[in-house]
Amino acid sequence: MGKIQRGLLGFWLIGMCLAPGAVFAETTSEVTALKAQIDALSRKLEAMDSKMMTMEKPAPGAQTAYIPPAPAEQGGVLHTAMKDIHMGGYVETQYQNKIGQPQQNGNVGRSLSDKAADTFSVNAAKLWFEKVANPEGGAGFRIDMMMGSDVRYYFNNFQKDNLGNSNNGSSGATAFAFEQAYVQYIAPLSFWSGSKILPHSIDIKAGRMVTLAGNEVIEGYQNWNISRSVSFGYAIPFTHTGVRATYALFNDYLTVYQGINNGWDNDIENNSYKTFENAFSFSPLKDVKWTTATYFGPENNGASGGKRFLATNVLSWNATKKLSFAGEFDIGNQPRVDIAQDGVFHTAQWFDYAAYARYQFTEKLAAAYRIEMFDDSNRYRNWTNVGTAGATTDLANTLTLEYKLHENMIARAEYRIDYAHAGDGTVFGGNHQQNTLGGSLSYVFG
């Protein structure tokens, strides 16, 4: 009996010794879990800070800020991989109507994506997914998927096979496209790590990417106005499929972009020669940014001669915390164009000017104004096509009021006046002027 009692006493003493350890282990586990939750919350806050909505044009090739991955947790490889992928998007709806007669003609497409008179439309519903590459060296990707009525205006949408033959697709009928789809690799250049002039890394992207040209962008809510400028629709490209390298010089003072691609909005090459892009961006003064981009290459189907050239310049200035300005100047030319469709070839040239101003009255209320002129004296890039008909010069004034209804919801109202000079006077159904009213509602997430 004494042995049994001594045994029970021994077990009791062992249990008393282990109990504090168990409690301590449980407390340590709770502290570790709490720390992991705090770390995750901190990363989310950093991501939100890096993507605070701004009405300024994003920098060319702008992407989500890189956030180091969380320490390994239970859940498997897929769970860990998905935690490093960011997502977001927006939905934009619009109402547009023309003031004056004849109403039956609808709105003439001054801004390319104009809708019919007196109509509601879903301009875009977009989702994007992105794995940001580590800026010190790493791999990533981005996919932007867009649906809605604006898609047909901006994207070729993979309408040709690998041999360049038509798949009988129609950009006028499609309602879905990949705005962007590219892979990214950042290669560290350690041998120049101590240099104050040469780059320390190079960012390489391959796939479909938005253009570096122009001040306005495809995402409507990121522009200051509802409608796009005439030059956005007709003076510059929208996307490019190819390879783009980005690097910084002079201690990140100057950002350089260089690339080679299939040309203007071509997912498959339509001739035997590539288009080259070159751009640089820098801030000569505080709150001032200058970006210049050039494109050079053939854009005619099946013809490598007559290479098109485009130079685009954008200047932005945040004068105060509430007042901002922007300006754009583009010039392009296209050799070997049968302008009059008479078998005689000429060189067509176009250029445009646009000035923007935006004032933030309150945290929620803002107003923006745009004045622009688009000159296409050869009627080559203009919406009315080549020949003797249609406009040679366009002038437009656009006033937009904006109110942030909610943290992620933007409401806008707009009044626009378009003037067009045309030899036959039939640009706007017999008029030289068209007035339009519009409204939009956008919800942004991610």
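Since every read-out is calculated from the coordinates, none of them should be taken as a lab result. Bear in mind the structure is a predicted one, so any value in this text is a computation, not a measurement. Cβ coordinates were reconstructed from backbone atoms using ideal geometry, including for glycine residues, and neighbour counts include every protein chain displayed.
Points worth noting:
- Rounded to 0.05, the FRET efficiency of the L437 and K364 pair, given R0 = 22 Å and the Cβ-Cβ distance, is 0.50.
- Taken one residue at a time, the phi angles of the range 220-230 give Karplus couplings (6.51, -1.76, 1.60, θ = phi - 60°) of x, 5, 7, 8, 8, 10, 6, 7, 8, 6, 4 Hz. Gly and Pro are set to x.
- The mean sequence separation of alpha-carbon pairs under 8 Å and at least six residues apart, normalised by the residue count of the range 119-368, gives a relative contact order of 12 percent.
- Residue among T246, A357, S190 farthest towards the positive dipole end of the range 119-368, charges placed on Cβ: S190
- Note on I197 and D287: with the Förster distance fixed at 30 Å, the Cβ-Cβ geometry gives a FRET efficiency of about 0.75.
- Remark on D376: its backbone amide H falls under 5 Å from those of T393, D394, a criterion applied only to residues 5 or more positions apart or on other chains, H modelled at 1.01 Å from N.
- Translational diffusion of the range 119-368, estimated by Stokes-Einstein from the Kirkwood radius over alpha carbon pairs at 25 °C in a medium of 0.890 mPa s, is 122 µm² per second.
- Placing R0 at 41 angstrom, the Cβ-Cβ distance between M87 and I371 gives a FRET efficiency of 0.65 after rounding to 0.05.
- Theoretical gain in end-to-end length, A355 to I417 [0.36 nm per residue, Cα-Cα removed]: 20.8 nm
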